[in-house]
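The values are calculated or read from the model by the stated rules, or taken from the named source; none is laboratory data. These numbers come from a predicted model, not from an experiment. Neighbour counts run over all protein chains shown; Cβ positions are idealised from the backbone, glycine included. Heavy atoms of the whole protein, side chains included, go into the accessibility calculation; ligands, DNA and RNA do not. Shrake-Rupley method; radii C 1.70, N 1.55, O 1.52, S 1.80 Å.
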Amino acid sequence: MNEGADYGGGAGGAAPSPGCGPEGGGFVPSALGTREHWDAVYKRELQTFQEYGDTGEIWFGEESMTRLIRWMQKHKIPLDASVLDIGTGNGVFLVELAKFGFSDVTGIDYSPSAIQLSGSIIEKEGLSNIKLKVEDFLNPSTKLSGFHICIDKGTFDAISLNPDNAIEKRKQYVESLSRVLKVKGFFLITSCNWTKEELLDEFSEGFELFEELPTPKFSFGGRSGNSVAALVFQKT
């Protein structure tokens, strides 16, 4: 999925991203931040899809995909704009983008099983204009560049849980993002581990907040807030 020693992973999942929920425990190092974990997850999901046709879960739920596509529609993002899904997992979001009409869509994941699963799902949907690549987003190939839109649903969250120097890996992520995204391009991130203020700090170098997207609110113990942060940054 989303991250580990190599990054580019993502996930499908009505389940939230790594470390979310009452057992998330903040940024305590976790197997959820390792490549080995997500390789195993996607090997199982690939087998399940092959046996039962189950595409797996959608991270943050279907409303998260709808939220992002509505934003792209609202701001009249051209349908031929190049879009990169960082940590595509089962590729379900790529399918939704293609069905909406986007014609230059790429999904990357460091897990070969995730890319194989994505390819199988995309083939089943009869779509042929989606590009898939096994890529470590922390060390992207030179061919991975020039995107108008980059999207992250949980990949940055998982990086934050990596047991092996997560702070440095987060810096690498920001540097990679700056390399692959065009100037004035947009970065859409959905996170359950980071608040708006924390994300603003993490992406302060080379990016500025363009818009905060509405997400579900919760109330607990007399306090209220958002369980998920969804922000749009623009590369300066």
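Restricting to segment 72-94, give me the number of residues that are assigned to a helix (DSSP H, G or I) and either modelled with pLDDT of 95 or more or in contact with a strand residue (DSSP E or B) (Cβ under 8 Å, 6 or more places away or on another chain) (or both). Spell out how you get there, then give the answer.
Looking only at segment 72-94, we keep the residues that are assigned to a helix (DSSP H, G or I), and these are 72-74, 92-94.
Now restrict to residues that are either modelled with pLDDT of 95 or more or in contact with a strand residue (DSSP E or B) (Cβ under 8 Å, 6 or more places away or on another chain) (or both): 72-74, 93-94.
Adding up the residues that qualify gives 5.
Give Leu144, Leu97, Leu117 a once-over and let me know the one that is closer than 28 Å to Lys169 by Cβ, part of a helix (DSSP H, G or I) and modelled with pLDDT of 95 or more. Walk me through how you get there before you give the answer.
Working: Leu144 fails: part of a helix (DSSP H, G or I); Leu117 fails: modelled with pLDDT of 95 or more.
Among Leu144, Leu97, Leu117, only Leu97 is closer than 28 Å to Lys169 by Cβ, part of a helix (DSSP H, G or I) and modelled with pLDDT of 95 or more.
When residues of segment 132-168 are filtered for being in contact (Cβ under 8 Å) with a residue 12 or more places away in the chain, farther than 19 Å from Gly89 by Cα and open to solvent by 20 Å² or more (accessible area, probe 1.4 Å), how many remain?
Of the residues in segment 132-168, 5 are in contact (Cβ under 8 Å) with a residue 12 or more places away in the chain, farther than 19 Å from Gly89 by Cα and open to solvent by 20 Å² or more (accessible area, probe 1.4 Å).
For segment 190-229: of the residues being among the small types (Gly, Ala, Ser) and modelled with pLDDT of 95 or more, which is surrounded by the fewest Cβ atoms within 10 Å (Cβ to Cβ)?
Keep residues of segment 190-229 that are among the small types (Gly, Ala, Ser), which gives 191, 204, 206, 219, 221-222, 224-225, 227, 229.
Narrowing the set further to residues that are modelled with pLDDT of 95 or more leaves 204, 206.
Details: Ser204: 12, Gly206: 14.
Out of the qualifying residues, it is Ser204.
Checking Val183 against (1) at pLDDT below 95; (2) within 21 Å of Pro78 (Cα to Cα); (3) exposed (fewer than 13 other Cβ atoms within 10 Å of the Cβ), only one condition comes out false. Which one?
Of the numbered conditions (1) at pLDDT below 95; (2) within 21 Å of Pro78 (Cα to Cα); (3) exposed (fewer than 13 other Cβ atoms within 10 Å of the Cβ), the odd one out for Val183 is (1).
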